[in-house]
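The values are calculated or read from the model by the stated rules, or taken from the named source; none is laboratory data. Small disclaimer: the values here were computed from a predicted structure and weren't measured. Every residue, glycine as well, gets a Cβ built from its backbone with ideal geometry; the counts of neighbours run over all protein chains shown. For accessibility, only protein heavy atoms count, side chains too; no ligands or nucleic acids. Shrake-Rupley method; radii C 1.70, N 1.55, O 1.52, S 1.80 Å.
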Amino acid sequence: MKGQMIRILIGGLFVASLLFGGDVGKSWAHAFPDHSDPRVGSTQKTPPANVRIWFDSGLEPAFSSLRVMNSDNQPVDKGDGHVDEHDNTVLEVSLPPLPPGKYHVFWVAISVDTHRTEGDYSFTIEPSP
């Protein structure tokens, strides 16, 4: 009888870990980029009006940031980097009309569960023909 109770308890714990383990893992996940516009490493024929990065989970607006720098490491964005108020998985910043050249995007994403990720990528604006 005691052995059967232990097997039932262990089986119940196993089932509970399967049912709740996936949710716990998701709720403690870091936010990683899913895709961006302009795309990583892309060459643009026309200057983009903004940079957007979509993440795989929600971001904490107060602590996430996005900056765009030129090849001289000078900021070129409008300084309004923010999490989209209608979609907390999108980080975006506005750009003025940019001249041809290579630009570097730097981001910091704090997920809603406070885990930090950061990264960078570049894109190029080609000269007009």
Inset, instruction - Keeping to the stretch 1-45, report how many residues are at pLDDT below 95 and farther than 21 Å from Phe106 by Cβ. - result: 29
Legend entry - Number of the exception - Phe106 against (1) open to solvent by 40 Å² or more (accessible area, probe 1.4 Å); (2) at pLDDT below 95: (2)
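Would you confirm, using the coordinates I've provided, whether Pro100 is closer than 18 Å to Ser122 by Cα, surrounded by fewer than 14 Cβ atoms within 10 Å (Cβ to Cβ) and touching a Pro at 6+ places or on another chain (Cβ under 6 Å)?
So Pro100 fits the description; yes.
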Inset, instruction - Go through the stretch 109-119 residue by residue and tally those that are closer than 16 Å to Asp34 by Cβ, open to solvent by 40 Å² or more (accessible area, probe 1.4 Å) and within 11 Å of the chain's Cα centre (by Cα). - result: 1
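So which residues in the stretch 79-97 are outside any strand (DSSP E or B) and either in contact with a Pro (Cβ under 7 Å, 6 or more places away or on another chain) or open to solvent by 50 Å² or more (accessible area, probe 1.4 Å) (or both)?
Within the stretch 79-97, Gly79, Asp80, Glu85, His86, Asp87, Asn88, Leu95, Pro97 qualify.
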